[in-house]
Amino acid sequence: MRPLTIAACFALTLAALSAHAQPQDAAKAPAPTPTAPAAAPAAAPSPKGNAETGRQLTYTCQGCHGVTGYKNAYPNYHVPKIVGQSPEYLVSALTEYKKGTRKHPTMQAQAQSFSDQDIADIAAFLSSAK
């Protein structure tokens, strides 16, 4: 995993923990006054992918996904052809591998090293490649 990614995760974890910490004098604090519900923050827009950068990032993918009919040895998985897939599918799959909600040890290890921009770049390249 990239050192910057690890540092960012650590910083975000610390920020989340400190934001959720209850003050010791919470029992003495005045009750909050009711206010109008805040508008939900807009979801951050997905990064726009750069196919040329994606081409460079997918170099190692070709070792498995670029071989027609390839199956890895153990456990025996069919390795899908990913060239020409929709960018939405590719972003979704890589994001799920990165989060650990989609299981495959090799793909999880690969995806954890990708930023959201890397994933968008990979999807832009693979979806447009022939």
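The values are calculated or read from the model by the stated rules, or taken from the named source; none is laboratory data. The model shown is predicted, which means the values in this text are computed figures rather than measured ones. All Cβ positions, even for glycine, are placed from backbone atoms using ideal geometry, and neighbour counts span all protein chains on display. Note: accessible area is taken over every heavy atom of the protein model, side chains too, but ligands, DNA and RNA are not part of it. Shrake-Rupley method; radii C 1.70, N 1.55, O 1.52, S 1.80 Å.
Data for the structure
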item: Residue 95 vs. criteria modelled with pLDDT of 90 or more, open to solvent by less than 50 Å² (accessible area, probe 1.4 Å) and under 24 Å from residue 130 (Cβ atoms); result: no
item: Hits in the stretch 93-130 (condition: farther than 14 Å from residue 61 by Cα, assigned to a loop (DSSP other than H, G, I, E, B) and either in contact (Cβ under 8 Å) with a residue 24 or more places away in the chain or basic (Lys, Arg) (or both)); result: 102, 103, 104, 115, 130
item: Test: residue in the stretch 63-74 that is touching a helix residue (DSSP H, G or I) at 6+ places or on another chain (Cβ under 9 Å), without any contact (Cβ under 8 Å) to a residue 60 or more places away in the chain, over 25 Å from residue 46 (Cβ atoms) and not in a loop (DSSP other than H, G, I, E, B); result: yes
item: Where a residue in the stretch 80-92 is closer than 16 Å to residue 51 by Cβ and its partner, wherever it lies, is in a loop (DSSP other than H, G, I, E, B) and open to solvent by less than 60 Å² (accessible area, probe 1.4 Å), with Cβ under 8 Å and at least six apart; result: 82/61; 83/66; 83/129; 84/129; 87/49; 90/82
item: Some residue of the stretch 54-70 being under 19 Å from the mean Cα position of the chain (by Cα), at pLDDT 95 or above and among the hydroxyl-bearing types (Ser, Thr, Tyr); result: no
